[in-house]
Amino acid sequence: MNLVRWRTPGFDPGQELERLQNEINHLFDLDYNDRSMGLFDRATSPAIDVAEQNDHFIVYCDLPGVDQKDVDVSIASNVLTIKGEKKMSERGEKAKIFRKEEWAGSFQRTLSLPKSVDPDRIQAEMADGVLRIQLPKREEVKPRQISVNVS
Amino acid sequence: MATTATNKELETRRTVRPVGNIWEEEGTVMLRLEMPGVTKDNIELRIENDQLFVRGHRDMHDEDQTYVIRERVRGDFAQTYTLDDTIDRERIDARMERGILTVTLHLKEAVKPRKIEVKAR
């Protein structure tokens, strides 16, 4: 499977340098968490797992705090696209902030599916902040058990 | 000691620190921690002396899966916070929703800002 990482348009060298400096600083931070920050920003391109089973693939995607209606899963010519928007948690204007690591904004992840996936029978569900997409394989590519009779 | 017990628990299973926001608002301190894949029943929230211990257990069922891509972070979400004297230990609420744990710590009445009315004569 090919993965295409989504990038925000525009490139600002100054900002990129600052980001690199921040990331190097982060390496020395014991509290550093590579899930939301870092060279591979997992926020704009959420981390996924793809598990393969005999008759289907399952895609798991961590989307904590994302509402079901804000997630859009679509398929076009065997390219699966997960996109959506994560909203910032609500708090009053007078709030005194001690720590702010949550990320909000839009995200997208694209995944090229193998030919064996049947695009018509894809199912997706959200539970406990995890998106689970079930991609059944076509009937003709499923491994079949052929019984051998011993006479 | 409370801290040693906590450390021992952490050693047995891989843990990651949950990403989150912490803020103070209207007499409460709010903790909003991202714990995708953790259900309400898998949250452990405990106070020992001045330590607030948060742990979200998540099971990835890795043993019966064959992965083509595996990027998600493995391990439980765990973090210990130290509470100061301004936090009311008896009034702590927690809520789990869409993979986000929200803990509401109430400040003690005595430390809340109080408005004193000025009477005119």
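The values are calculated or read from the model by the stated rules, or taken from the named source; none is laboratory data. Given the structure is predicted, the values throughout are model-derived calculations rather than measurements. Don't worry about glycine lacking a Cβ; one is built from the backbone with ideal geometry, like all the others, and counts go over all protein chains shown.
See the values below:
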item: Extreme residue, nearest to residue A:119 (Cα to Cα), among residues of region A:58-78 that are out of contact with any helix residue (DSSP H, G or I) (no Cβ under 8 Å at 6 or more places or on another chain) and assigned to a loop (DSSP other than H, G, I, E, B); result: A:77
item: Residue that is farthest from residue A:129 (Cα to Cα), among those in region B:34-62 that are more than 9 Å from chain A (Cβ to nearest Cβ) and in contact with a Pro (Cβ under 9 Å, 6 or more places away or on another chain); result: B:54
item: Residue list for region A:100-151, filter: farther than 15 Å from residue A:62 by Cβ and either among the acidic types (Asp, Glu) or in contact with a helix residue (DSSP H, G or I) (Cβ under 6 Å, 6 or more places away or on another chain) (or both); result: A:116, A:118, A:120, A:136, A:139, A:140
item: Odd one out for residue B:42 among (1) free of Cβ contacts under 8 Å to residues at least 24 places away in the same chain; (2) under 11 Å from the mean Cα position of the chain (by Cα); (3) surrounded by 13 or more Cβ atoms within 10 Å (Cβ to Cβ); result: (2)
item: Residue in region B:81-99 that is out of contact with any Pro (no Cβ under 9 Å at 6 or more places or on another chain), surrounded by 15 or more Cβ atoms within 10 Å (Cβ to Cβ) and either at pLDDT below 85 or at the interface with another protein chain (Cβ under 9 Å from one of its Cβ atoms) (or both) present; result: yes
item: Residues being within 22 Å of residue A:129 (Cα to Cα) and without any contact (Cβ under 8 Å) to a residue 60 or more places away in the chain - total across region B:79-95; result: 3
item: Number of the exception - residue A:45 against (1) under 26 Å from residue B:65 (Cα atoms); (2) within 11 Å of chain B (Cβ to nearest Cβ); (3) modelled with pLDDT of 85 or more; (4) surrounded by fewer than 20 Cβ atoms within 10 Å (Cβ to Cβ); result: (3)
item: Residues that are at the interface with another protein chain (Cβ under 8 Å from one of its Cβ atoms) and either within 13 Å of residue A:132 (Cα to Cα) or surrounded by fewer than 16 Cβ atoms within 10 Å (Cβ to Cβ) (or both), drawn from region A:66-77; result: A:67
item: Among the candidates A:80, A:63, A:111, residue that is surrounded by 15 or more Cβ atoms within 10 Å (Cβ to Cβ), more than 11 Å from chain B (Cβ to nearest Cβ) and either closer than 23 Å to residue B:42 by Cβ or at pLDDT 80 or above (or both); result: A:80
